[in-house]
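The values are calculated or read from the model by the stated rules, or taken from the named source; none is laboratory data. None of these values were measured; they are calculated from a predicted model. Reconstructed Cβ throughout: ideal geometry from the backbone, glycine too, with neighbour counts over all protein chains shown.
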Amino acid sequence: MVNKITSLAEYLQKYQESVADPEGFWEKIAESHYWHKKWDKVLDWYFEGENAPNVNWFVNAKVNITENIFERNMFMRKDQVALIWEPNDPEEKEIKLTYGELFEKVKQFANALLKIGIKKGDRVAIYLPMVPELTIAMLACARIGAIHSIVFAGFSATALADRVNDATCNIIITSDGAHRGTKTIPLKAVVDEAVAKCPSVDYTVVLNRTGEAVDMVEGRDFWWHDFIKGVGTENKAEVMDAEDILFILYTSGSTGKPKGVVHSTGGYMVYAEYTFKNVFQYSDGDIYWCTADIGWVTGHSYIVYGPLLTGATSVMFEGVPTWPDAGRFWQVVDKYKVNQFYTAPTAIRALLAQGNEWVTKYDLSSLKVLGTVGEPINEEAWRWYHDLVGKGRCPIVDTWWQTETGGIMITPLAGITPTKPSLATLPLPGIQPILVDPEGNELKGNSQEGILCIKYPWPGMLRTTYGDHKRCYQTYFSTYRGLYLTGDGAKRDEEGYYRIIGRIDDVINVSGHRIGTAEVEDAINQHPKVNESAVVGYPHDIKGSGIYAYVICEDLSDTEMETIEEEIRDTVSKFIGPIAKPDKIQIVNGLPKTRSGKIMRRILRKIGEGDATNLGDTSTLLDPGVVEEIISGAKVSVKR
Ligand code: PRX
């Protein structure tokens with residue numbers, strides 16, 4: 001397979017090459033893609049200066065990413081399965097779509113979008129469960145040059161509306177409902193509530209998935225099957241500039257509302273394919289399964305774009321790991337003879353807690369590679385995954401990356417890089433990580449711990465934050481001039497291997513989902529009885545981090561006191577979604593603040609961790625008594 005590294009020596013050599021001559025390195029890789037017109041220059045960039053960051057890969061090149069998935073692969077793979085869809089209910093029949101079949105569906109949906117006037121550059125919101133139509137819709141957008149903005153179907157109407165409005169989407173593609181385990185979630189009803197607050201939305205397209213009753217507005221809402229009825233499949237791909245936007249994906253940061261991370265076409269395409277085939281060491285004919293939801297970046301890059309560009313067979317799963325029982329993942333691995341399996345540490349920890357027999361009852365001998373993503377994996381989970389699931393013979397790729405990076409950055413190459421439990425190991429070729437101290441001084445050499453930054457552009461990196469380029473600079477490039485700030489702390493060990501410690505900002509990784517504390521506070525503060533709140537993360541056995549909210553309320557009656565915590569959780573669910581519900585809520589009379597009014601979260605974090613004996617310097621607090629009160633007065637409500 002072209003551009004696939006096959007040995008450690010080759011990796012080391014490629015890494016050296018990629019640092020010595022990044023442009024030359026990526027140029028060679030990009031040669032294997034299909035371009036309408038090649039670049040005038042490989043890279044144009046600065047992280048600092050007027051209108052920074054400015055990152056242009058494959059300058060003036062013309063391309064369409066779907067031609068690289070379909071036309072480029074069609075000769076070899078027309079009848080090869082591209083997508084295997086495993087439904088929520090194991091009794092329901094799976095769907096397998098070959099490259100040829102998927103292509104027809106993508107072109108047809110692309111034509112249907114064109115027919116109602118969606119065109120290059122328009123923003124299309126997609127709010128769908130994990131069904132094949134989600135992949136079809138996103139690729140249809142890419143086909144016509146419309147920008148997809150996929151919103152995870154667990155977000156609330158308010159969160160959806162915020163994202164749709166920020167990107168002024170013209171259309172939302174959704175379904176009547178979603179199946180998740182035993183639950184049916186009414187997605188169209190959520191969309192209806194959102195659309196009422198979204199003046200830019202002219203249309204919705206509604207897939208019939210669950211069959212429940214929905215309200216359809218004449219002229220605005222179309223059933224998916226009516227929308228494509230009689231629409232042909234002849235379609236010529238829109239020719240895109242390499243730097244035209246491919247998609248927007250919203251993600252949380254330490255401040256303000258979620259940002260629309262913008263990825264452009266050419267660089268993302270090259271990076272998604274290169275990282276996929278190298279990290280997972282995918283070989284022709286392998287069956288690859290990433291359990292993520294396409295609503296997150298992992299699904300974008302490693303269910304859809306990376307695998308399909310490579311010509312892989314990619315499994316897409318609608319359900320949850322624990323339904324009908326805790327053996328579901330392994331049953332599906334056995335059913336399709338999955339070779340590469342990629343999931344989140346949270347899922348591993350949750351399944352580990354259910355006992356080994358769920359794993360041992362299935363034949364997992366097809367597995368060759370195991371992957372993790374989204375949060376640090378603790379050693380116990382790593383060993384269980386390695387020893388029990390992989391029977392000690394499958395390398396684990398602990399892949400570190402972010403929505404902003406577009407693809408995997410620091411990771412072992414499966415079976416090539418020697419691994420150590422809980423370490424993401426080494427950067428991929430083309431990636432130049434550095435550790436800095438809080439003042440921004442580079443910490444050179446091995447055995448260092450600091451703030452992880454990247455000092456040179458890579459093709460998959462974000463280009464801007466939608467509609468607010470200054471915010472992109474402010475968030476990622478202003479703290480340490482000339483460096484991309486990841487927001488993570490990391491250690492480099494004596495061998496130069498990286499261990500990711502976790503976020504250094506006010507972002508919490510809950511079950512591998514990124515949640516901004518400020519967003520949760522804003523949601524909590526919407527409750528009419530809440531005056532103020534402060535949210536921190538605390539260590540959680542399964543989720544990695546849990547959400548701990550300290551809340552100041554107006555005077556509450558005894559009956560109000562009994563229900564306030566549940567009401568707060570419901571409020572968060574309403575404004576963000578169930579994933580952001582606080583695990584612990586403590587009603588307090590005051591918060592530890594400095595004289596300038598800043599909440600000292602460091603102290604709240606310590607209390608949340610159960611380590612109140614070592615609070616450090618509290619002398620700058622306006623009222624040190626507040627801390628004692630929080631520690632002793634604790635009435636903590638724990639989510640069931
Ligand atoms: O803190 C890091 C953590 O997830 C953050 C990025 O979250 P998101 O943009 O939602 O993307 C998640 C999937 C790529 C990072 O800043 N993270 C991601 N992978 C790892 C990780 N932490 C430790 N180890 C990892 N392998």
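Take the residues in the stretch 52-66 that are over 27 Å from the mean Cα position of the chain (by Cα) and not in a strand (DSSP E or B); name whichever of them is surrounded by the fewest Cβ atoms within 10 Å (Cβ to Cβ).
Per the criteria, the residue is Asn60.
With respect to Leu452, is the statement that it is buried (at least 19 other Cβ atoms within 10 Å of the Cβ), of a type outside the set (Gly, Ala, Ser) and assigned to a loop (DSSP other than H, G, I, E, B) true?
no
Tell me, please, whether a residue that is closer than 26 Å to Ile65 by Cβ and among the hydrophobic types (A, V, I, L, M, F, W, C) can be found in the stretch 15-27.
Yes, the conditions are met somewhere in the stretch 15-27.
Would the stretch 439-449 turn up any residue that is at pLDDT 95 or above, more than 13 Å from the ligand (Cβ to nearest atom) and under 23 Å from Thr275 (Cα atoms)? Steps first, answer last, please.
Step one: of the stretch 439-449, the residues at pLDDT 95 or above are 439-449.
Narrowing further to those that are more than 13 Å from the ligand (Cβ to nearest atom): 439-449.
Adding the requirement that they be under 23 Å from Thr275 (Cα atoms) leaves none.
No, there is no match, as no residue in the stretch 439-449 is at pLDDT 95 or above, more than 13 Å from the ligand (Cβ to nearest atom) and under 23 Å from Thr275 (Cα atoms).
Does Ile564 fit the bill of being crowded, with 18+ Cβ neighbours inside 10 Å, more than 22 Å from Gly516 (Cβ to Cβ) and at pLDDT 90 or above? Outline the logic, then answer.
Numbers: crowded, with 18+ Cβ neighbours inside 10 Å: yes; more than 22 Å from Gly516 (Cβ to Cβ): yes; at pLDDT 90 or above: yes.
Against the criterion (crowded, with 18+ Cβ neighbours inside 10 Å, more than 22 Å from Gly516 (Cβ to Cβ) and at pLDDT 90 or above), Ile564 qualifies.
So which of Gly467, Gly406 is under 30 Å from Asp244 (Cα atoms), surrounded by fewer than 17 Cβ atoms within 10 Å (Cβ to Cβ), touching a residue at least 12 places away in the same chain (Cβ under 8 Å) and not charged (D, E, K, R)?
Working: Gly406 fails: surrounded by fewer than 17 Cβ atoms within 10 Å (Cβ to Cβ).
Only one candidate qualifies: Gly467.
Under 6 Å by Cβ, and 6 or more places apart or on different chains, what pairs join a residue from the stretch 24-45 that is part of a helix (DSSP H, G or I) with one that is polar (S, T, N, Q) and modelled with pLDDT of 95 or more?
Phe25/Ser18; Ile29/Asn3
Determine if the stretch 446-461 includes at least one residue that is more than 20 Å from Ile5 (Cα to Cα), of a type in the set (Gly, Ala, Ser) and out of contact with any helix residue (DSSP H, G or I) (no Cβ under 9 Å at 6 or more places or on another chain).
Taking the stretch 446-461 first, the residues more than 20 Å from Ile5 (Cα to Cα) are 446-457, 461.
Next cut, of a type in the set (Gly, Ala, Ser) only: 447, 450.
Next, only the ones that are out of contact with any helix residue (DSSP H, G or I) (no Cβ under 9 Å at 6 or more places or on another chain) stay: 447, 450.
Yes, the stretch 446-461 has at least one match.
Taking the condition of being crowded, with 24+ Cβ neighbours inside 10 Å and either of a type in the set (Lys, Arg) or touching a residue at least 60 places away in the same chain (Cβ under 8 Å) (or both), how many residues in the stretch 520-533 meet it?
1
Report, by residue number, each residue of the stretch 569-595 that is in contact with a strand residue (DSSP E or B) (Cβ under 6 Å, 6 or more places away or on another chain) and not polar (S, T, N, Q).
In the first step, residues of the stretch 569-595 are kept if they are in contact with a strand residue (DSSP E or B) (Cβ under 6 Å, 6 or more places away or on another chain); the result is 579-580, 582-588, 591-593.
Result: Ile579, Ala580, Pro582, Asp583, Lys584, Ile585, Ile587, Val588, Leu591, Pro592, Lys593.
Among the residues of the stretch 574-603 satisfying the criterion of being closer than 13 Å to Val627 by Cβ and assigned to a loop (DSSP other than H, G, I, E, B), which is nearest to the chain's Cα centre (by Cα)?
Met600
Select from the stretch 243-270 the residues that are part of a loop (DSSP other than H, G, I, E, B) and hydroxyl-bearing (Ser, Thr, Tyr) and write down the one among them that is farthest from Val510 (Cα to Cα). Before the answer, list the steps.
Keep residues of the stretch 243-270 that are part of a loop (DSSP other than H, G, I, E, B), which gives 243-244, 252-258.
Next cut, hydroxyl-bearing (Ser, Thr, Tyr) only: 252, 254-255.
Details: Ser252: 12, Ser254: 14, Thr255: 17 Å.
Per the criteria, the residue is Thr255.
Step by step: first the residues of the stretch 363-399, then only those that are of a type in the set (Ser, Thr, Tyr) and surrounded by fewer than 16 Cβ atoms within 10 Å (Cβ to Cβ), then the one that is nearest to the ligand (Cβ to nearest atom). Which residue is that? Let's see the steps before the verdict.
Step one: list which residues in the stretch 363-399 are of a type in the set (Ser, Thr, Tyr), which gives 365-366, 372, 385, 399.
Right, trim to surrounded by fewer than 16 Cβ atoms within 10 Å (Cβ to Cβ) and you get 365-366.
Values: Ser365: 26, Ser366: 24 Å.
Looking at residues that are of a type in the set (Ser, Thr, Tyr) and surrounded by fewer than 16 Cβ atoms within 10 Å (Cβ to Cβ), I get Ser366.
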